[in-house]
Amino acid sequence: MRTKFLFTYSLLTLSSLFLSCEVNHQTIKPVSDDETITAAATCGAQGWASQNGGTTGGGTATPTVVTNYTQLKAAITNTSVKVVQVNGTITIPSGGRISFQDQTRKTIFGTAGAKLVSTDQTKDNSGILYVKRCQNIIFRNLIFEGPGAYDTDGWDNCTIDASTNVWVDHCEFRDGVDGNLDIKNASDYITVSWTKFSYLKAPKPGGSGGSDDHRFSNLLGSSDGATGDRGKLRITFARCWWAPGCKARMPRVRFGKVHVVNSYFNSTVSSSCIQAGFEADIRIQSNVFESVKNPIDLMDNKSTAVQEISNLFTSVSGTKAGNGKTAFTPPYTVSVLGTSSVKSTVTSSTGAGATLSGNVCTYSGI
């Protein structure tokens, strides 16, 4: 196993510095008396996000601390702010979904327990964050909490659209209206590591989309006709946890070269876990599937390649084989845990989810 590199950042107490900046006529506060912030050292992603020049986000820029929605929106939409530190719980108002567009080199992270919450289940006013045409972005140690699944063609907790080199690390996405975290529209070079997906709230039936149980976690690629996704959607899911409540799309893949490695699936309400859609090329390696249905769903058999490599299946039912074709070979190197260690590692107190103290950057062996 490759040596683990841990970068732990010093805590800086700034006792006499007052800074403010005006963004869209709103004042956001980088730091103030007696606030403790985490200073980030430069640390790049592994997996697909290590390619194409790598992913380092805002690096060592001084964090802008936000504690309410107005500050959060101002900091995210301000291109001059390179590191955003979320403290506490911030509620997204109805229709207040934040559009994060056309930016590069930015990190958005939470201190311990930081949470972004949406309570709106309507088609137009749901959702937390929409990321579009961004590059070199890091999200770390944040909980994205939606109001629960409801099939009204609403919004995901977070959508990554037409963006490249994005690293989602140690986050949790739960109870999205349409989905938890979707990635689409030729997005590329993305790594999702140590991240937890779950549904804690019962699904709401009767939506216009027709599904009474739309706890569909992660959609990669929007349709079979989105041919601009060919050659894109290169995504790594490493040491992630599809936890109780997830029904399907863990993830559902079209077109992309997707590597799912050392992840844990244990949702007993599942109808399908990994779903191989149109022209999908999926490497399913050393994961643990426990008490789930259809761990590997070949759907209508239009995938390019679905390769099952050294996975552990415990008390599962349904399909668990690939399509007999060899998936892509990753251009990066990861240290792969044996399956006997995956469950305990992913579900530990420092495992998948927002389990860090802040912007603590660790390669964590992947």
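The values are calculated or read from the model by the stated rules, or taken from the named source; none is laboratory data. Quick caveat: nothing in here was measured; it's all calculated off a predicted structure. Positions of Cβ are generated from backbone atoms using ideal geometry, with glycine treated the same way; all protein chains shown enter the neighbour counts.
Worth a mention:
- Flag for residue 188 being touching a residue at least 60 places away in the same chain (Cβ under 8 Å) and acidic (Asp, Glu): yes
- Scanning segment 295-330 for residues that are over 13 Å from residue 258 (Cβ atoms) and not in a loop (DSSP other than H, G, I, E, B) yields 297, 308, 309, 312, 313, 314, 317.
- Residue in segment 111-119 that is in a strand (DSSP E or B), buried (at least 16 other Cβ atoms within 10 Å of the Cβ) and touching a helix residue (DSSP H, G or I) at 6+ places or on another chain (Cβ under 6 Å) present: no
- Criterion: out of contact with any strand residue (DSSP E or B) (no Cβ under 8 Å at 6 or more places or on another chain), at pLDDT 95 or above and surrounded by fewer than 22 Cβ atoms within 10 Å (Cβ to Cβ) - qualifying residue of 293, 302: 302
- Restricting 212, 224, 178 to residues that are farther than 20 Å from residue 133 by Cβ and crowded, with 24+ Cβ neighbours inside 10 Å narrows the list to 178.
- The strands (runs of 3 or more DSSP E) found wholly in segment 176-268 and carrying at least 1 residues that are of a type in the set (A, V, I, L, M) occupy 181-184, 188-193, 235-238, 257-261.
- Residue within segment 149-157 that is closer than 30 Å to residue 333 by Cα and either of a type in the set (Ser, Thr, Tyr) or crowded, with 24+ Cβ neighbours inside 10 Å (or both) present: no
- Put simply, of 245, 277, 231 the only residue that is surrounded by fewer than 24 Cβ atoms within 10 Å (Cβ to Cβ), more than 16 Å from residue 190 (Cβ to Cβ) and modelled with pLDDT of 95 or more is 245.
- Segment 65-90, subset among the small types (Gly, Ala, Ser) and not in a loop (DSSP other than H, G, I, E, B), residue nearest to residue 357 (Cα to Cα): 75
Rundown of residues vs (1) of a type in the set (Phe, Trp, Tyr); (2) surrounded by fewer than 24 Cβ atoms within 10 Å (Cβ to Cβ); (3) modelled with pLDDT of 95 or more, yes/no style:
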residue: 89; (1), (2), (3): no, yes, yes
residue: 95; (1), (2), (3): no, yes, yes
residue: 137; (1), (2), (3): no, no, yes
residue: 144; (1), (2), (3): yes, no, yes
residue: 159; (1), (2), (3): no, no, yes
residue: 167; (1), (2), (3): yes, no, yes
residue: 171; (1), (2), (3): no, no, yes
residue: 195; (1), (2), (3): no, no, yes
